[in-house]
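Taking it in order: structure first as structure tokens, then the write-up.
The values are calculated or read from the model by the stated rules, or taken from the named source; none is laboratory data. Quantities reported herein were computed from a predicted structural model and do not represent experimental measurements. All Cβ positions, glycine included, derive from the backbone under ideal geometry; neighbour counts span all protein chains shown. For accessibility, only protein heavy atoms count, side chains too; no ligands or nucleic acids. Shrake-Rupley method; radii C 1.70, N 1.55, O 1.52, S 1.80 Å.
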Amino acid sequence: MILDRLEDLLAQCTVELMIADGTCGTGFLVAPGWVLTCEHGVRSAGEGPIQIRWQTELHFATATVARTVPSQDLALLTFAPPREDLPCVWLDDDVQRQDDLYLFGYPDRDYPDGRPASFICEGNFTENGLSLMLLKQGQMQPGMSGAALLNGRTGKVCGMAKLTRDQSTDLGSGGIHGAVIAQHLPEIMVAQRQFHQRDRRWAELEAVFLSPRQSSIPAVALEPDQTRPVLTHWQGREQELADLSAWLAEPTVRLVEIIGVGGFGKSALAAKWLTQVQAVRTEWVNFSLVYSFRVFGMWLLHTLGRPVDDRIDIATLIALLVQQLSAQPTLVVLNNLETLTADAATFADYRQFLMRWLEQGTTSQLVVTSREQPDLPPNLRRQRCRTQSLQGLTPDAAVALLRAQGVQGDEAELADFARLTDGHPLLLNLIVGQLWDTYGEEPPISEWARLNPDLFAYMGAHRGDPETSVGRVFEASYGRLAPEQQALLRHVSVYRPRFDGAMALAMADGVLAADPQFEAHTLRYLVRLALLQEEPPAYPQPRRYFLLPLITRYVQRQGTLTLAHERAVKFYRQVCKPQLTREDGQAAVATYLELAYHSGQLGQYGAAIDLLQRQTNPADPYSSCEMVIALRGDRASLLPLYQSLTAHWQPTTPHDRRRYGNTLRAQGNVLQFLGQSREALDNYDAALRIYREVGDRLGEANTLLGVGALKATVSEQLKLFLAAQEIFIATGDRYSQGRNLVLFIGPAYVALGDVESTRNSFETAAQLGQATGPEALSQSAHEQLKAL
């Protein structure tokens, strides 16, 4: 019989696990080099080795624990397979009441070579927050936890045995649902799919097994979870709610997507919106477990008053759903759809339904919330689909959320914290929960860092997991990426402005860099996973991308950024304009600013300040990046860059000390421009000490001009301007002499009413301007003379 052959294959996929303390248990081969078992069975091994027995080979291999999910009692072991022909089970989520289930396990007594057991699925129950399958009419003995459960109806493994109800009677067992495994170990499902695409042993047996069978299970043997989120302390999202309502009113829109990385409040937004929807029937389905399309489709038809026989084929089921939804106005929310999209095989039928719905559906609307945007053809999306890429709460809404939960602090403190957390609702709630637990009902926001300065380490409950952190939630999306995709995301995260495909390609490696469809295949995929955000395209301008601030901080923690900054420097050097002029706009100087920023991030502080201050045209004193920005009236934009350079630079050589002094002086100039006189003087004083130490007379003279401009009386100012002029004369810097006369000395004499000295100053400046070349200097001096 085919079922016997499937049971034999199941036994070949089953291994005995032996730990040094004498503990024995069961596990099963889930992917090449991976064994899945119950966490409680290998807990005593710690980081130590676990001996694997396979069939009659007692010392087949040695494994170690690679990952555990204690809240779900899951443990993933890794080992080096000593042979290449090992089978692996085929994991699935399809299990219904009255299904016959089989396992093969290794009890810790009486059956040294293992034994089978059979059960009947009785339904679901919850134990300590864990949803389990209830199994009856079978004996489960110690040591058999971790065995794969083979579904006699589907021919696939639908879960894993976990516990016994009574080992001496036929009271049965409890099992972990296959959907729970898929949700918490998504990487295994990817490896599963890859393995079974090339190894057809299980698929061929299953095909023969199912071909003559017709199920007699009632049409709605398993209902999807329809629980909606509880809306507590709701704040903000006015624009998002308005957008959703506007889309609902558009007669052509049939699918609305709410997309974002975990914890941004997609489900809550959908639930809040439904409270505002009037005169339309609403249905809600949670895909926290992976329901097959057959289960979902038959349930929805049954709910809409059109039950069907479960022997119906998928194509007909899809057609009936489209027909029924078109005849009966309904708003159907498919919540947490990423549970399905992560597995292409499972999602295939759902994708077919969504495409058919966009092509032919009328009257009703579907709403999807997901960490991954469903992959649907662009021509179907064009008129009938709208997408809400969800970001964090606005600072005002985040502060209101904190206030609503009793958090104490002044408005500035709360606003700063809201910006730090990027308004991420889950993160805000996790931190507030810890503050409440530690400080009581009115916790001070100022104490959050004392609890844990690592935003990604705060833990709490989310979507049934009592040990959720934002780091783990983000890992669910980031962990799905191939290593080269992870590296790309980390590298593009160092760009400060929004970037296009060419900028991203400059950061790519290997197969990504060689892909002629890099933007379509890679960047668009990262957008679908909500790890990248995309500005709406505006032809002929290229698409622009960016990362949300909290995601930027997360991905930058996952590896070093040196290579990324090096590649950014290389890119900007290739595109920057060789010479700047006074007429250049923001785009021209922006490349110099970014070159300086990334150079500073590499510790090349001297090179960074040179990029800002060096004349790109030796004949034009106004051709430096600093001067162009100053002439544009935007010098305040330079302050963050100066501050980033001076914060870490510790120069030792005279040359670097001089450049450091130049940076302090430039920072002082901007602070003076912003009216921060005290801070400006501190920078000038520090710069003067350095210039006098290294003998930089011109640096000293230019700094005296800055100090002089901050003096309280004109006579005090003039004294320093004249001291600077003596240095300019001594060094032969005729341009600086003329500039000083026009901008500083001449206006000081005007303020003092000294007409003769004023005239002499501007006449000398005009002569110097004609001799040294800058037309603007001479022209300004003549204009001042005319005004006398």
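Compute the length gained on full extension between Arg759 and Glu475: take 0.36 nm times their separation in residues and subtract their Cα-Cα distance, giving the result in nm to one decimal. Intermediate results must be reported in sequence, preceding the final value.
Details: separation 284, 0.36 × 284 = 102.24 nm, distance 7.11 nm.
Working it through step by step, the gained length comes to 95.1 nm.
Could I have the simple spin-label model distance between Gln770 and Glu204, label points 7 Å from Cα toward Cβ, reported in nm to one decimal?
With each label point 7 Å from Cα toward Cβ, the separation is 10.0 nm.
Which residues in region 584-621 place their backbone N less than 13 Å from a point set 7 Å from the Cα of Ser637 along the Cα-to-Cβ direction?
Hits in region 584-621 for Ser637 at 13 Å: 584-595.
Measuring with a 1.4 Å probe in the full set of protein chains, what accessible area per residue, in whole Å², belongs to region 1-139? Don't jump to the answer; show the numbers that get you there.
Values: 6180 Å² over 139 residues.
Ligands and nucleic acids excluded, the result is 44 Å² per residue.
Which value in nm describes the separation of the simple spin-label points at Ala20 and Gln779, placed 7 Å from the Cα toward the beta carbon?
Between Ala20 and Gln779, the label points sit 8.4 nm apart.
When N is the residue count of region 550-600, what does its C-alpha Rg come to as a fraction of 2.2 N^0.38 Å? It would help to have the intermediate numbers written out before the result.
Details: Rg = 13.7 Å, N = 51, 2.2 N^0.38 = 9.8 Å.
That ratio works out to 1.39.
Highest first, please rank the peptides 27-36, 728-737 by the mean number of other Cβ atoms sitting within 10 Å of their residues.
Averaged packing, sorted descending, gives the order 27-36, 728-737.
Send over the per residue convex hull volume for region 1-127, Cα only, as a whole number of Å³. Let's see the in-between values first.
On the way: hull volume 16.7 nm³, N = 127.
Convex hull of Cα atoms, per residue: 131 Å³.
If you plug each phi of region 604-619 into the Karplus form 6.51 cos²θ - 1.76 cosθ + 1.60 with θ = phi - 60°, what whole-Hz ³J(HN,Hα) values come out, in order, with x for Gly and Pro?
So the Karplus estimates, Gly and Pro as x, are 8, 5, x, 4, 5, 5, 4, 4, 7, 9, 6, 5, 6, 10, x, 8 Hz.
Taking Cα pairs under 8 Å and at least six residues apart, what relative contact order does the chain come out at, in percent? Show your work: numbers first, answer last.
On the way: 1387 pairs, mean separation 51.2, N = 788.
Reported as a whole number, the value is 6 percent.
What order do Thr316, Thr232 take when sorted by accessible area (1.4 Å probe), most exposed first?
On the way: Thr316 55, Thr232 90 Å².
Correct descending sequence by accessible area is Thr232, Thr316.
Of the peptides 300-308, 467-475, 756-764, how do they stack up when ordered by the mean number of other Cβ atoms within 10 Å, highest first? Can you show the working numbers first?
Numbers: 300-308: 16.6, 467-475: 19.9, 756-764: 18.1.
Going by the mean number of other Cβ atoms within 10 Å, highest first, we get 467-475, 756-764, 300-308.
So with the 1.4 Å probe, I'd like the accessible area per residue for region 641-736, rounded to whole Å².
Details: 4600 Å² over 96 residues.
Per residue, region 641-736 has 48 Å² of solvent-accessible surface.
With all protein chains present, how much of the accessible area of region 522-584 (probe radius 1.4 Å) comes from carbon and sulfur, to the nearest whole percent?
Values: 1740 of 3390 Å².
Accessible surface attributable to carbon and sulfur in region 522-584 totals 51 percent.
By how many nm would the segment from Glu57 to Lys136 grow when fully extended, if each residue of separation counts as 0.36 nm and the alpha-carbon distance is taken off?
Working: separation 79, 0.36 × 79 = 28.44 nm, distance 3.24 nm.
Full extension from Glu57 to Lys136 adds 25.2 nm.
For region 413-505, what log10 I(q)/I(0) values come out of the Debye formula at q = 0.11, 0.12, 0.17 1/Å, with one point per alpha carbon and no solvent?
Normalising to I(0) and taking log10 leaves -0.44, -0.51, -0.86.
Suppose R0 equals 35 Å; then what is the FRET efficiency for His655 and Glu679 from their Cβ-Cβ distance, rounded to the nearest 0.05? Walk me through the intermediate numbers first.
On the way: r = 27 Å, r/R0 = 0.76.
Efficiency, from the Cβ-Cβ distance: 0.85.
Counting only protein heavy atoms, what percent of the accessible surface of region 1-148 is carbon or sulfur at a 1.4 Å probe? Intermediate results must be reported in sequence, preceding the final value.
Working: 2980 of 6280 Å².
About 47 percent, which is the carbon plus sulfur part of the accessible surface.
Please compute the Cα-Cα pair-distance distribution of region 548-695 with 5 Å bins starting at 0, giving whole percents from short to long.
2, 10, 17, 19, 21, 16, 10, 5, 1, 0
Under a no-solvent Debye model with one identical scatterer per Cα of region 64-167, what's log10 I(q)/I(0) at q = 0.11, 0.12, 0.14, 0.19 Å⁻¹?
Reported log10 I(q)/I(0), two decimals: -0.37, -0.44, -0.61, -1.10.
Using per-residue counts of other Cβ atoms within 10 Å, averaged over each peptide, order 79-85, 666-672 from highest down. Walk me through the numbers on the way to the answer.
Numbers: 79-85: 11.0, 666-672: 24.0.
Highest to lowest by the protection proxy: 666-672, 79-85.
Note down the Stokes-Einstein diffusion coefficient of the chain in µm²/s, whole number, using a Kirkwood radius over alpha carbon pairs, 4 °C, and 1.567 mPa s. Write out the running numbers ahead of the final one.
Values: Rh = 31.3 Å.
It diffuses with D of about 41 µm²/s by this estimate.
State the extension gain, in nm to one decimal, for the chain segment bounded by Arg450 and Glu359, taking 0.36 nm per residue of separation less the distance between their alpha-carbons. Don't jump to the answer; show the numbers that get you there.
Working: separation 91, 0.36 × 91 = 32.76 nm, distance 5.50 nm.
Stretched fully, the Arg450-Glu359 segment lengthens by 27.3 nm.
Report the net charge of residues surrounding Ile431, where surrounding means a beta-carbon distance below 13 angstrom and charges are Lys +1, Arg +1, Asp -1, Glu -1. It would help to have the intermediate numbers written out before the result.
On the way: positive: Arg450; negative: Asp422, Asp437, Glu447, Asp454.
Net charge around Ile431: -3.
With bins 5 Å wide starting at 0, give me the P(r) of region 646-788 over every alpha carbon pair, in whole percents.
2, 11, 18, 19, 20, 14, 10, 4, 2, 1
Would you mind getting me the FRET efficiency between Thr387 and Arg419? Use the beta-carbon distance for r and R0 = 22 Å, nearest 0.05.
On the way: r = 26 Å, r/R0 = 1.16.
The pair Thr387/Arg419 has a calculated efficiency of 0.30.
Between Val253 and Val511, what is the label-to-label distance in nm when each label sits 7 Å out along the Cα-to-Cβ direction?
With each label placed 7 Å out from Cα toward Cβ, I get 3.8 nm.
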